[in-house]
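Worksheet: one structure, shown below.
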Amino acid sequence: MAGAIIENMSTRKLCIVGGILLVFQVIAFLVGGLIAPSPTTAVPYMSVKCIDVRKNHHKTKWLMPWGPNHCKKLKDFDEAVSRQIEANDIVFAVHIPLPSKEMSPWFQFMLFIMQLDIAFKMDNDLKENAEITLDVSLAYRDDMFDDWEEIAHAIEIRKLKCTFGSPKTVESEGRHYDCDFLPFMEIGSVAHKYYLINIRLPVNDRKGINVGIGEIKDIRLVGIHQNGGFTKVWFAMKTFLTPSILIIMVWYWRRITLMTRAPVLLEKVIFALGISMTFINIPVEWFSIGFDWTWMLLFGDIRQGIFYAMLLSFWIIFCGEHMMDQNERNRLSGYWKQVGPIAVGSFCLFVFDMCERGVQLKNPFYSIWTTEVGTELAMAFIIVAGICLCLYFLFLCFVVFQVFRNISGKQSSLPAMSKARRLHYEGLIFRFKFLMLITLACAAMTVIFFIVSQVTEGHWKWGDITIQVNSAFFTGIYGMWNLYVFALMFLYAPSHKNYGEDQSNGDLGVNSGEELQLTTTITHVDGPTEVYKLARKEAQE
């Protein structure tokens, strides 16, 4: 009777905890959907064609598209031809932001893509597989009357991928090609108020530089940055969640250290998962408001990579420790075949990120996709990582199937037990299935909300209420995985309650006073846990 009461109380507590976590999950989605604005903003910029007749002095002079010291402008290239201005003397200038606005550190990053307006001409056709060479410079200042300070200067090559929908005849002259967007620039901080981009298209017939690229009419840029309002909501969530996970981690590890045995593998993995979640949560981004930390994007990628690698490893080990077979477990070395692909895939993605964003720390105009070698190398890393991920999920599905099959098989032994002990085992199995369903729900919600955020317009409007779908996706999924880790440590922390004397003479001879906990194949100082003994007994019979 005492065991039944304990199990009923345990199940009731589990339902209460699940309800509380569900409430917090809904709040996490609503914070992003109702309070935060859209995560990012895209701003179009049209470059201004400036005249720079000085030779070899462009590094010391910056051409402004507007303002009191604006450059001498050209309306179009026909004017340049009539005034006998060479292509090497034309500079495309873009000021960021638009007039009467300022950039802010709350914007966190800036990503720019380029679109070229190329017109068809019979005597200046666009060659197949044409490449355009860009001489680009980036500068900043924090006052409208300060001098510009250079951030970066580079000569970059981009491949042109354009199509022409009309026959290439004289009648089609002047019509524009349909060209793909080109990656242009990415910087990981917005520490200054004003930025200036100068772009030159150097022409050298002898070396074939910028020859056969068609007649370029204009250069357009699209700048993408994070919204300041979303950044504040995001920082607030991180600041709130960091102590929450830290507190449950301290409580969880304290419960483990109070045991008379050493921590076992599953407990260590759960604790490591908590550490990786805390690593993501720590709001170091607050420092980016006052410091020009361009490496924050790369650092954020590394933190997410560590967490997801740890999460994938946890799922494999969690299922393996519930296999209820006779294999010796509780050792990390026993999972090297399963964890190996995770390590290989994570390493490939890390190398890819270092080749892209690592180089951008020195040259924000760099893109690994702009060269044949870079593209093949990037695709190789992504393909290897994808193969490892596919192998992982296939094996994970197989292991989950095995676990549920084994548990279903062992349940046939439950009717022969005393009522209290049967309820105890049923509770263990129920809670394992409960956590597996929660895991599948979290993974499914991540995929579903990602797809929804990609196919919708970014917001839903219900009457006077506007819901920002993309913001809800970010805050909701981020909060969901925090709650998942919180629930893991709460549910799998060892309990120091015992069942009393009416369970000491159980069917399997388990010692009285053994801890009630969700972990199944954990080894105690006096032997394996109850469900593991159940599996061994069934196998021996």
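The values are calculated or read from the model by the stated rules, or taken from the named source; none is laboratory data. All of these numbers come straight from a predicted model, not from anything done at the bench. We place every Cβ from the backbone using ideal geometry, glycine too, and count neighbours over all the protein chains shown. SASA here: full protein model, heavy atoms, side chains in, ligands and nucleic acids out. Shrake-Rupley method; radii C 1.70, N 1.55, O 1.52, S 1.80 Å.
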| Percent carbon-and-sulfur accessible area, region 42-226, ignoring ligands, DNA and RNA, probe 1.4 Å | 50 percent
| Residue-normalised accessible area of region 42-226, given per residue in Å² at a 1.4 Å probe | 52 Å²
| query | So what are region 42-226's ellipsoid semi-axes, whole angstrom, largest first, if each one is the square root of 5 times an eigenvalue of the alpha-carbon gyration tensor? | reply | 29, 19, 15
| message | Heavy atoms of the protein only, probe of 1.4 Å, neighbouring chains included. What is the accessible area of L111 in Å², nearest 10? | response | 60 Å²
| query | In what order, largest first, do I187, I247, I387, I438 sit by accessible area if the probe radius is 1.4 Å? | reply | I247, I387, I438, I187
| field | Sparse-neighbourhood loop sites, GluC sites (Glu not before Pro) in region 67-140 - DSSP loop, at most 12 other Cβ within 10 angstrom | value | E86, E102, E128
| note | Expected unfolding gain across K207-L396 under the 0.36 nm per residue rule, minus the alpha-carbon gap, is 62.5 nm
| query | Taking region 271-364, which trypsin sites (Lys or Arg not before Pro) meet the DSSP loop condition and have no more than 13 other C-beta atoms within 10 Å? | reply | R331, K362
| query | How much accessible surface area, in Å² rounded to 10, belongs to the heavy atoms of L396 with a 1.4 Å probe? | reply | 20 Å²
| query | Put V43, V250 in order of accessible area, largest first, 1.4 Å probe: what do you get? | reply | V250, V43
| So which of K193/K362; K61/K101; K127/K362; K121/K159 end up more than 25 Å apart by C-alpha? | K127/K362
| query | Of all trypsin sites (Lys or Arg not before Pro) in region 68-111, which ones are in loop regions per DSSP and have a Cβ with at most 10 other Cβ atoms within 10 Å? | reply | K75, R83
